[in-house]
Structures are given as structure tokens and as C-alpha cells.
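Novice: Quick one: this structure, given as C-alpha cells, is what I'll be asking you about.
The values are calculated or read from the model by the stated rules, or taken from the named source; none is laboratory data. These numbers come from a predicted model, not from an experiment. Heads up, the Cβs are rebuilt from the backbone with ideal geometry, glycines too, and the neighbour counts pull from every protein chain shown. We work out accessible area using only protein heavy atoms, side chains counted, and drop any ligands, DNA or RNA first. Shrake-Rupley method; radii C 1.70, N 1.55, O 1.52, S 1.80 Å.
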Amino acid sequence: MTLSPNLALPFLSAAQAQKHVTVNEALTRLDRVVQLRLSGIDTNLPPANPAEGSIYAVGATAQDDFAGHAGQLALFSNGGWDYITPAIGWQGYDVSAREILRFDGVTWQRPQISGAPLGGGVEVRSASLDLVIAPGASATTDPIFPERSIGLGVTGLVTSTLTGTLSTWAIGVADDPLRFGSGISLGVNSWVKGPQAPLVYWSPTALTLTAEGGVFSGGTVRLVAHYIELSLPDWV
């Protein structure tokens with residue numbers, strides 16, 4: 001069977017019987033690959049209950065039904081797996097991480113805003129978490145700015161009303177607790193949008209929330225750190 005060079009879609013042959021089978025196979029692949037949505041990245045074991053139409057980027061140590069298909073896309077259709085090999089430059093949307101990825105010929109990478117022929121580039125990233133506030137005068141997240149990242153700022157939203165004796169709250173880092181904002185309200189959907197001059201965080205850095213005019217007793221805040229990362233050239 002002759003296949004198209006890019007998406008490996010099957011072509012009809014002259015006087016072919018059961019033409020609809022070939023056409024439907026091609027349409028199925030188009031339906032999966034165009035506007036590609038990835039349900040998993042570097043997946044080595046097939047999921048137990050995959051959804052119809054789900055697609056997984058198979059990892060380097062593939063097992064069971066994925067064995068022998070490392071680096072390919074596994075498409076679940078009609079109760080079984082179909083496989084297609086991605087080409088350099090293909091893009092897909094990682095559903096769980098909510099980010100666009102690009103295939104570099106080996107792995108799925110986050111797109112860079114600049115790149116060099118020998119590898120290396122600049123990535124702008126955002127990392128998020130939900131911080132459940134414990135009673136006290138302040139609350140601290142897990143490290144959210146990675147080592148050697150260039151911080152751009154923090155945004156956040158109260159998702160569960162902040163309670164306690166405080167009147168407002170502030171957010172920053174350990175050595176500058178007001179860096180990203182202060183005087184922030186307590187109710188659901190109260191927000192902070194705190195840019196900063198680009199600043200290098202040489203070690204993993206957490207965020208600190210400080211109660212103003214009292215202490216916290218509870219609540220939840222969703223926080224997003226925005227930063228730049230520099231990537232290395234290709235390994236030799």
C-alpha cells in the first residue's frame with residue numbers, strides 16, 4: 001500500500017475493492033493527528049482504560065502493547081492501538097500540562113522563543129500550584145521558581161475565601177515579602193498580578209504569603225510563577 005510522505009495516509013489503488021476501508025483509515029488518522037492532542041508524554045505502559053481517540057507519545061522504554069514503538073504516537077481506536085511516527089517539527093497540545101509541545105526528532109519539547117542551530121534557546125514558562133493556607137502569620141509554598149530561572153512575576157487568585165483576623169495579605173519571597181503585591185483582598189476571585197524587573201533566582205525559590213493586620217486561619221490561593229529559562233546546546 002502506498003502511503004503519503006508526511007502523515008502516512010493510505011492512498012487508494014486503481015480498481016481497488018473495499019475502497020471505503022482505505023478512505024476511513026486515512027480519515028481516522030487525520031482526525032487524530034490534525035490538531036494533535038496528547039493524553040500522555042513519554043508513556044511506556046499502555047493505560048488500562050484509554051478513551052477512544054486518545055493519543056500517547058510512547059517513551060523510550062516501551063512495554064506490553066507499546067513494545068517496539070518507542071518514539072511513536074499510539075492512537076487508540078476501535079479497541080486497539082494504531083501507531084504513527086511523528087516528524088521533526090510536529091506540534092501537539094499536552095492536555096494534562098496545558099502546553100504546546102514540538103517534536104525535535106527525539107523527544108517532545110516546549111517551543112522556544114529563540115533557538116540556535118546547535119541547540120540551546122530561550123523558554124518562557126509558567127508554573128502553578130494551589131496553596132492551602134494553614135493557621136499562622138504567613139504561609140510558604142514549595143519552591144516554584146526553578147534554579148537559575150529569570151523571574152518575571154507572579155499572578156494569583158483566591159479560590160477559597162481567606163479566613164482569620166487579617167484584613168489583607170501580601171505576597172513575595174523570603175527576603176522581600178511584598179515583592180509581588182500587598183493589600184490584597186480575602187474573598188474568592190480576589191487577585192494579584194505582580195510583575196517584577198527580570199531577576200535571577202540562583203536556587204529554587206518559594207513564595208511567601210503574609211497576613212496583614214492579623215493572622216491566617218484558612219483558605220486557598222492559586223498561584224502562578226512566570227519565568228524565563230535558558231537551555232543548553234545539544235549534548236555531544
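Novice: Tally up the carbon and sulfur contribution to the accessible surface of segment 56-188 as a whole percent, 1.4 Å probe, everything protein left in place.
Specialist: Numbers: 3530 of 6810 Å².
Exposed carbon and sulfur together represent 52 percent of the surface.
Novice: Here is a further query. Mind pulling the angle between the C-alpha long axis of helix 19-33 and the longest principal axis of the chain? Nearest 10 degrees, somewhere in 0 to 90.
Specialist: The two axes meet at around 20 degrees.
Novice: How much space per residue, in cubic angstrom, does the convex hull of the C-alpha atoms of segment 173-233 take up? Kindly include the intermediate steps, with their values, before the conclusion.
Specialist: Numbers: hull volume 7.5 nm³, N = 61.
Value for segment 173-233: 122 Å³ per residue.
Novice: While we're here: Could you give the semi-axes, largest first, of the ellipsoid that matches segment 113-236, computed as the square roots of 5 times the alpha carbon gyration tensor eigenvalues and rounded to whole Å?
Specialist: Details: eigenvalues 209, 30, 27 Å².
That gives 32, 12, 12 Å for the three semi-axes.
Novice: What do you get for GluC sites (Glu not before Pro) in segment 1-100 restricted to DSSP loop and a cutoff of at most 14 other Cβ within 10 Å of the site's Cβ?
Specialist: Sparse-neighbourhood loop GluC sites (Glu not before Pro): E52.
Novice: Would you mind counting up the charge near G153? Only other residues with Cβ under 14 Å from its Cβ, with Lys and Arg at +1 and Asp and Glu at -1.
Specialist: Numbers: positive: R125, R179, K193; negative: D176.
Around G153, the charge tally is +2.
Novice: Roughly how big is segment 83-236's charge dipole about its Cα centre, with Cβ charges of +1 (Lys, Arg) and -1 (Asp, Glu), in debye to the nearest 20?
Specialist: Details: 8 positive and 12 negative charges, 57 e Å.
With only Lys, Arg, Asp and Glu charged at Cβ, the dipole is about 280 debye.
Novice: Something else: Which value, in nm² and rounded to one decimal, describes the direction-averaged projected area of the C-alpha convex hull of segment 123-178? List each step's numbers first, then the result.
Specialist: On the way: hull surface 18.9 nm².
Directional mean of the projected Cα hull area for segment 123-178 stands at 4.7 nm².
Novice: Here's something else I'd like to know. Only Cα pairs within less than 10 Å get springs; with that Gaussian network setup on the chain, which residue of V21, V158, V200 has the largest fluctuation?
Specialist: V21
Novice: With the other protein chains left in place, how much accessible area per residue, in square angstrom, belongs to the chain at a 1.4 angstrom probe?
Specialist: Details: 13220 Å² over 236 residues.
Heavy-atom SASA per residue in the chain reads 56 Å².
Novice: Where does the longest stretch of the chain lie that holds no trypsin sites (Lys or Arg not before Pro) found in a DSSP loop with 16 or fewer other Cβ atoms within 10 Å? If you can, show how the numbers build up before the last one.
Specialist: Details: sites that count: R98, R148.
It works out to 1-97.
Novice: Each residue of segment 187-193 in turn: what ³J(HN,Hα) in whole Hz from Karplus with 6.51, -1.76, 1.60 and θ = phi - 60°, glycine and Pro shown as x?
Specialist: x, 4, 6, 5, 9, 9, 9
Novice: Would you please state the base-10 log of I(q)/I(0) at q = 0.16, 0.22 1/Å for segment 26-123, with intensities from the Debye formula using one equal scatterer on every alpha carbon?
Specialist: -0.66, -1.15
Novice: Here are several values of volume of the Cα convex hull per residue in Å³: (i) 149; (ii) 132; (iii) 170. Which one was derived from the coordinates shown?
Specialist: Structure-derived value, by its label: (iii).
Novice: For segment 1-50, what is the convex hull volume of its Cα atoms per residue in Å³?
Specialist: Details: hull volume 6.2 nm³, N = 50.
Dividing the Cα hull volume of segment 1-50 by its residue count gives 124 Å³.
Novice: Whole number please: convex hull volume per residue, Cα atoms of segment 53-94, in Å³.
Specialist: Values: hull volume 3.2 nm³, N = 42.
Residue-normalised Cα hull volume stands at 76 Å³.
Novice: Find how many whole Å separate the alpha carbon centroid of segment 175-236 from the alpha carbon centroid of segment 59-79.
Specialist: After rounding, the separation between the Cα centres reads 39 Å.
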